[in-house]
Amino acid sequence: MLLSWIIAALYILSVFGAVFFGRGAQVNAAMLAGASDAVHLALRLAGPVSLWSALQCAMERAGCTAALARLLRPVLRRIFPRAANDAEACAAIGQNLSANALGLGNAATPMGIRAVRRMRVLSGSDTASDEMCRLIVMNTASIQIIPTTVAALRASLGAAAPYAIVPAVWLTSLLSVTAGLAAARCMEGRI
């Protein structure tokens with residue numbers, strides 16, 4: 001709510017500033033050009049994101065995400081001891097992690113919400129548990145194996161090798177998840 005007010009205030013101040021300094025026409029042209037560029041970008045990304053989202057759905061229907069959850073269960077038990085013992089929560093966490101591994105953050109969100117709802121039922125509390133916080137950290141930082149959305153964006157902008165970023169993505173995502181989980185571990189029980 002507060003962020004909405006801040007953004008609205010910045011927008012109003014910028015419009016008044018543009019009018020006050022006689023640059024209203026330039027600001028108007030820039031806003032229209034920005035809106036047009038945003039629509040073009042969304043359309044350029046729609047195809048690759050749809051493709052990878054369909055692949056994620058096919059993986060889920062074929063049981064690949066359940067198999068991934070079973071494969072990851074030893075690791076998940078260490079990170080999510082209570083949720084890993086529940087098949088529904090573990091499957092939702094596995095689906096969330098597999099969507100993030102494919103670079104599909106938007107497709108991972110509904111599965112993360114499903115996992116958190118199940119974790120809330122398991123905890124019996126409306127307060128966020130430490131496991132819920134760890135899942136949010138992992139969902140936000142997300143280890144990406146195939147950064148599909150970023151590669152699609154690079155390809156749509158004419159990059160000669162859109163997947164050349166993969167080693168850097170692997171390193172930074174691994175480091176960010178590790179740092180996030182370490183911070184979450186340090187904060188456990190303090191809030």
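When you check ARG73 against the structure, is it basic (Lys, Arg) and free of Cβ contacts under 8 Å to residues at least 24 places away in the same chain, yes or no?
Working: basic (Lys, Arg): yes; free of Cβ contacts under 8 Å to residues at least 24 places away in the same chain: yes.
The answer is yes for ARG73.
Just to verify a result, which residue in segment 1-13, among those that are open to solvent by 80 Å² or more (accessible area, probe 1.4 Å) and not aliphatic (A, V, I, L, M), is farthest from the chain's Cα centre (by Cα)?
Across segment 1-13, the extreme among qualifying residues is TYR11.
Among what's in segment 153-163 and is open to solvent by 70 Å² or more (accessible area, probe 1.4 Å) and either part of a loop (DSSP other than H, G, I, E, B) or not hydroxyl-bearing (Ser, Thr, Tyr) (or both), pick the residue that is nearest to LEU122 (Cα to Cα).
Checked segment 153-163; the qualifying residue nearest to LEU122 (Cα to Cα) is ARG154.
Going through segment 142-152 one residue at a time, which ones are farther than 20 Å from ALA84 by Cα and either charged (D, E, K, R) or open to solvent by less than 60 Å² (accessible area, probe 1.4 Å) (or both)?
Selection gives GLN144, ILE146, PRO147, THR148, THR149, ALA151, ALA152.
Of the residues GLY103, GLY94, which single one is over 27 Å from ALA155 (Cβ atoms) and within 15 Å of the chain's Cα centre (by Cα)?
On inspection, the qualifying residue turns out to be GLY94.
Free of Cβ contacts under 8 Å to residues at least 40 places away in the same chain, open to solvent by 30 Å² or more (accessible area, probe 1.4 Å) and not in a helix (DSSP H, G or I), is that true of ASP37?
no
Being crowded, with 19+ Cβ neighbours inside 10 Å, touching a residue at least 40 places away in the same chain (Cβ under 8 Å) and out of contact with any Ser or Thr (no Cβ under 9 Å at 6 or more places or on another chain) is the requirement here; does ALA184 meet it?
no
Name the residue that is nearest to ASN106 (Cα to Cα), counting only residues in segment 24-56 that are polar (S, T, N, Q) and modelled with pLDDT under 85.
Here the answer is SER53.
If you go through segment 14-29 one residue at a time, do you hit one that is over 26 Å from THR140 (Cβ atoms), outside any helix (DSSP H, G or I), of a type outside the set (A, V, I, L, M) and open to solvent by less than 40 Å² (accessible area, probe 1.4 Å)?
Looking for residues that are over 26 Å from THR140 (Cβ atoms), outside any helix (DSSP H, G or I), of a type outside the set (A, V, I, L, M) and open to solvent by less than 40 Å² (accessible area, probe 1.4 Å), one finds none in segment 14-29, hence no.
The values are calculated or read from the model by the stated rules, or taken from the named source; none is laboratory data. All values derive from a computational prediction rather than experimental measurement. When we count neighbours, we look across all protein chains shown, and the Cβ atoms used for this are built from the backbone with ideal geometry, even at glycine. The area values use the complete protein model at the heavy-atom level, side chains included, leaving out ligands, DNA and RNA. Shrake-Rupley method; radii C 1.70, N 1.55, O 1.52, S 1.80 Å.
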